[in-house]
Amino acid sequence: MIRTGLRKSSARIVHGTVLIVFTVLLAFPFYWMLIATFKQNLDLYAVENNPFILNAKPTLDHLRLLFNETRYVRWLGNTALVGVIVVAITLLLAIPAAYALTRLTGRWGQRLGIGIFLTYLVPPTLLFIPLSRVVALLGLQDTIWSLVLVYPSFTIPFSIWLLMAFFKSIPRELEDAAMVDGLTRFGAFVRMVIPISTSGILTVVIFTFTLVTQEFVYALTFISPESQQMVGVGIPIFLVRGDVYFWSSLMAACLIASLPIAFLYNLFLDRFIAGFTVGAIK
Amino acid sequence: MAIAGPKIRSIGAAQSPLLGAAMFSPAVLYLVLVIGAPFALAVFYAFSDARIGSTGLHFVGLENFRSILQSPSFRMALKNSVVFTVCAQIIVVVCSGALSIALEKPFRGRGLVRFLILLPWVAPVSLGSIGWKWILDSIYSVITWVLVWLHIYKPYNAPMWLGEPHLAMASVILVHCWRLIPFSTVVMLAGRTAIPKEIPEAAAIDGAGFWRTLFQINLPMMLPIINVAVLFGTIFTFTDMTVVYILTAGGPFDSTQTLPSLAFATGIQGSDLAAGAAISLFLVPVLVLIAFLMLRMAHRAEVV
C-alpha cells in the first residue's frame with residue numbers, strides 16, 4: 001500500500017514537473033516580449049539588472065515609437081487585406097472542388113483529393129525563385145497583389161482536404177431530399193450543403209488567414225518597399241535601422257501581432273490536427 | 001453549369017462527373033498554374049544560365065549542378081539541412097511524447113496550459129524567431145545573464161550564442177524544436193485518444209510498470225501517429241529558411257546555411273537564378289520520399 005502510494009505521488013510530481021518545465025520553456029519567449037515592451041531602455045540595457053522583472057517604472061515609449069514612427073499599422077493593414085482577399089479566393093475555389101471530389105466523382109475523386117493534398121507539401125522554398133520571375137513578368141513585384149496571386153497555392157490544398165473530410169460527414173439523404181423538392185444537384189449544394197457546413201467553412205477561413213499571416217519566404221522575396229510589407233517581414237527586416245535593433249519596439253510588435261493569431265488558431269486547432277492525422281487514426 | 005443542369009437531374013443523387021469536373025477544375029487549374037508551372041520553370045532554370053537582369057538564356061546542361069556540388073558552401077548547407085532536420089526530429093519526438101502523456105489527463109487550468117504550450121506553433125514563425133534573436137543576443141542574452149548569475153561564466157566572457165559556428169547550429173536546432181514541439185504534441189495527443197484505454201489499464205493490472213507499458217504497449221500503438229508527426233516535422237524543418245534567415249542569415253561563415261537559405265542567398269540576393277533553382281531542387285528527393293510514405297500510410301488506412 002505504502003509503495004503504491006509513493007509511486008503514485010512520485011508519478012504526480014514527475015507529471016507536474018514535465019508540464020511546468022515545458023510550459024515555461026515554450027511560453028518564455030512571449031513573456032520575454034511582454035516584459036521588453038514595457039522596459040525602459042536604461043533598464044533593458046543594464047547587464048547588472050535582474051532581467052526577469054521591471055527594475056524601473058514601466059514605459060509606453062516603445063509602443064508610441066512603434067505606432068507613431070514606424071509603418072507597423074500599415075503592415076498590419078496590408079496583412080489583414082491580403083488575408084481577407086486570399087480567404088475569399090480560397091473559399092471560392094476550395095468549397096466547390098472539395099464537394100465535387102467527395103460527392104460527384106466517386107473513387108478517383110478521392111484519389112485526386114489526396115493528390116491535391118500532397119501539393120501542400122511543396123514548400124515556398126522550392127518555388128520562390130521561378131515565381132519571383134513570374135511575378136516580375138506580370139508587373140506585380142513590390143505590391144501585395146503578388147502575394148494575393150501566390151498565397152492560395154498553399155491555402156487551397158489543405159482547405160480542400162479539410163472540407164472533404166467535412167462534406168463526407170454530411171448524410172447524403174439531405175441532398176436527396178433537397179433534390180426531390182425540385183433543386184438541381186448544384187442547387188442542393190448551394191442551398192443545402194453550404195449552409196449546414198458553416199463550421200467547416202469557418203475552420204477554413206481561420207486556417208487560411210493564419211497561414212497568410214505566418215508566411216515569410218514569398219513576402220520577403222517579392223516585396224521590397226517598406227510601405228508594402230506584410231507584418232511577418234516588416235517587423236524583423238524593417239524595424240532594424242542599419243545595425244540598430246529597437247528591441248523593445250520589436251518585441252512589442254511581435255507580441256501584438258502574434259497574440260490574436262494565436263488565439264484564433266487555438267480555437268480551431270483540433271480541426272486542423274484532424275486534417276493532418278486523417279489516415280493515421282481511424 | 002447550365003449545360004450540366006438537366007443531365008444531372010436524370011442521374012438523380014448519384015455521382016455526376018460532368019458537374020464534378022466543372023466544380024473542381026478551377027482549383028486544379030489554379031494549382032497547376034501556380035505550383036506545377038513554376039516547378040517546371042525551376043527545373044528549366046537549373047539547366048540554364050538564367051540571371052536576374054540578363055535577357056539571354058542558354059541551356060548549359062549539368063553545368064550548374066557540377067559547380068554547385070564542388071562548392072563548399074553547398075556541401076555545408078546540405079550537411080546542415082540534414083543535421084538540423086534529424087536532430088530536431090529526435091528531440092521533438094522525445095519531448096512531445098512526454099508532453100502529450102502529461103497533457104492527456106484533465107487537470108485544472110489545462111486550457112490555459114494548452115494555449116501557452118501552443119504559442120510557438122501558432123504565432124508567426126518569423127516573429128517567434130526574432131524573439132529568440134533577442135534572447136540569444138550577444139550582450140543582453142538572458143541565458144548569458146543566468147549563467148553569469150550562477151557563476152558559470154564571468155561577465156563579458158560568455159559565449160556568443162549566434163556568433164560561434166557550433167553554438168549557432170545548436171541555437172537554430174533549438175528554435176526549430178521550440179516551434180515544432182507544440183505541433184507534434186497536439187498530433188500525438190490526437191493519436192493517444194484513439195488508443196483504447198482498456199489495453200494499458202489491463203497491462204497495469206497485470207503488473208506491467210510505467211516503462212514496460214510505455215515501450216511494449218503505448219509506443220507500438222502510437223507508432224502511426226508518431227510517423228505523421230515526424231513526416232510533417234521533417235518537411236517543416238527541412239524546407240524552412242525563416243528561422244535560419246532571421247537568427248543567423250546562414251552565418252557565421254556559412255556555418256548555419258541550409259539548402260533553402262543558400263538558394264535564397266544565391267538565387268535572389270545573388271541574382272543567380274540558375275544556381276539558386278538548382279540548389280532548391282535538392283529538396284525534391286526528400287519531398288518525394290515523404291509524399292510516398294504518406295501515400296502508403298493513407299492507403300493502409302483505406303484498406304484497414
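The values are calculated or read from the model by the stated rules, or taken from the named source; none is laboratory data. Not measured: the values here are computed from a predicted model. Virtual Cβ from ideal backbone geometry, glycine too; neighbours counted across all protein chains shown.
Between B:Ala265, B:Ala291, B:Ala278, which is farther than 21 Å from A:Ser132 by Cα and among the aliphatic types (A, V, I, L, M)?
From the options B:Ala265, B:Ala291, B:Ala278, the qualifying one is B:Ala291.
So for the range B:267-277 (the condition being out of contact with any helix residue (DSSP H, G or I) (no Cβ under 6 Å at 6 or more places or on another chain) and touching a residue at least 60 places away in the same chain (Cβ under 8 Å)), does at least one residue qualify?
Yes, that holds for at least one residue.
Which residue out of A:Phe238, A:Phe209, A:Phe276, A:Phe189 is on the phi < 0 side of the Ramachandran plot, hydrophobic (A, V, I, L, M, F, W, C) and free of Cβ contacts under 8 Å to residues at least 12 places away in the same chain?
The unique qualifying residue is A:Phe276.
If I filter the range B:56-86 down to residues being more than 12 Å from chain A (Cβ to nearest Cβ) and assigned to a loop (DSSP other than H, G, I, E, B), which single residue comes out as nearest to the chain's Cα centre (by Cα)?
Applying the filter and picking the extreme gives B:Ser71.
Give the range A:87-105 a look and list any residue that's of a type in the set (S, T, N, Q) and at the interface with chain B (Cβ under 7 Å from one of its Cβ atoms), or say none.
The one that is of a type in the set (S, T, N, Q) and at the interface with chain B (Cβ under 7 Å from one of its Cβ atoms): A:Thr105.
Between A:Thr23, A:Thr17, which is more than 14 Å from A:Trp247 (Cα to Cα), surrounded by 14 or more Cβ atoms within 10 Å (Cβ to Cβ), hydroxyl-bearing (Ser, Thr, Tyr) and free of Cβ contacts under 8 Å to residues at least 24 places away in the same chain?
A:Thr23
Any chance the range A:76-96 includes a residue that's of a type outside the set (S, T, N, Q) and farther than 30 Å from A:Gln229 by Cβ?
yes
Would the range A:127-138 turn up any residue that is in contact with a Phe, Trp or Tyr (Cβ under 7 Å, 6 or more places away or on another chain), more than 9 Å from every other protein chain (Cβ to nearest Cβ) and in a helix (DSSP H, G or I)?
Looking for residues that are in contact with a Phe, Trp or Tyr (Cβ under 7 Å, 6 or more places away or on another chain), more than 9 Å from every other protein chain (Cβ to nearest Cβ) and in a helix (DSSP H, G or I), one finds at least one in the range A:127-138, hence yes.
Of the conditions (1) more than 14 Å from the chain's Cα centre (by Cα); (2) modelled with pLDDT of 80 or more, B:Ile205 clears all except one; give me its number.
(2)
Is there a residue in the range A:28-45 that is in a loop (DSSP other than H, G, I, E, B) and surrounded by fewer than 19 Cβ atoms within 10 Å (Cβ to Cβ)?
Yes, the range A:28-45 contains a residue that is in a loop (DSSP other than H, G, I, E, B) and surrounded by fewer than 19 Cβ atoms within 10 Å (Cβ to Cβ).
Go through (1) under 17 Å from the mean Cα position of the chain (by Cα); (2) buried (at least 20 other Cβ atoms within 10 Å of the Cβ) and name the single condition B:Ala265 misses.
Status for B:Ala265: all satisfied but (1).
With the condition being under 24 Å from B:Val228 (Cβ atoms), out of contact with any His (no Cβ under 9 Å at 6 or more places or on another chain) and within 8 Å of another protein chain (Cβ to nearest Cβ), I'd like the helices (runs of 4 or more DSSP H) fully within the range B:249-304 carrying at least 1 qualifying residues.
Values: elements: B:259-264, B:273-281, B:284-303.
Those helices (runs of 4 or more DSSP H) span B:259-264, B:284-303.
Please return the ranges of helices (runs of 4 or more DSSP H) entirely within the range A:141-238 where 3 or more residues are within 30 Å of B:Ala298 (Cβ to Cβ) and under 18 Å from the mean Cα position of the chain (by Cα).
By residue number, A:152-168, A:198-214.
Of the numbered conditions (1) more than 8 Å from every other protein chain (Cβ to nearest Cβ); (2) modelled with pLDDT of 90 or more, B:Ile152 satisfies every one except a single condition; which is it?
(2)
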